[in-house]
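Worksheet: one structure, shown below.
The values are calculated or read from the model by the stated rules, or taken from the named source; none is laboratory data. Everything quoted here is computed from the prediction, not taken from an experiment. Ideal geometry is used to build each Cβ from the backbone, glycine not excepted, and the neighbour counts take in all protein chains shown.
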Ligand code: FES
């Protein structure tokens, strides 16, 4: 039982509940991605090559947008582990996708700090603005809306991630501006990332 009666914490993570991944077309890393992966693998002792599993998956996902069974096999071969180990990682982390997603992936943190600070209201506002329920992608593959677990900025709740960027202290009233900015200027419109501000 979760602390929130309406949220299905953990659903889909159990082996018996998760769907079989889509086979997809044959996957092979591009030469550039293969070179990047080899550079990352070289940071680990040879016997721990599979420590690069997250990076290997990110490269595969960046290349084709989501992870198919074919891509899982290629990742497993590249870092020398089993496909089952790769599949476990894919299904454990919500930032890996097993189906095509929108260009802009909007992720509302629903974990405790954000839930207490009104994350559900933010999700509702995003749902209205995008015409999507959490878990859905629009027909043009422009936007996907997701509820995710802690994004690591709990003191700045509620937090909304947009691809690799994130927006802190997000309020329902600000959602329209966020989405309009993405529609008009894409990622160029993202200015709320704490890391970017801190790095200036
Ligand atoms: S609880 Fe939302 S960022 Fe940690």
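General remarks:
- Of the set (1) under 30 Å from residue 35 (Cα atoms); (2) modelled with pLDDT of 95 or more; (3) not assigned by TED's automatic domain parsing to the domain that holds residue 36, all apply to residue 161 but (2).
- In segment 77-89, the residues that are in the same structural domain as residue 21 (by TED's automatic domain parsing) form Cβ pairs under 7 Å with partners that are in a loop (DSSP other than H, G, I, E, B), at six or more places apart or across chains, as follows: 78/29; 87/21.
- The listed residue being more than 16 Å from the ligand (Cβ to nearest atom), in contact with a helix residue (DSSP H, G or I) (Cβ under 6 Å, 6 or more places away or on another chain) and outside the structural domain of residue 185 (by TED's automatic domain parsing), out of 59, 69: 59
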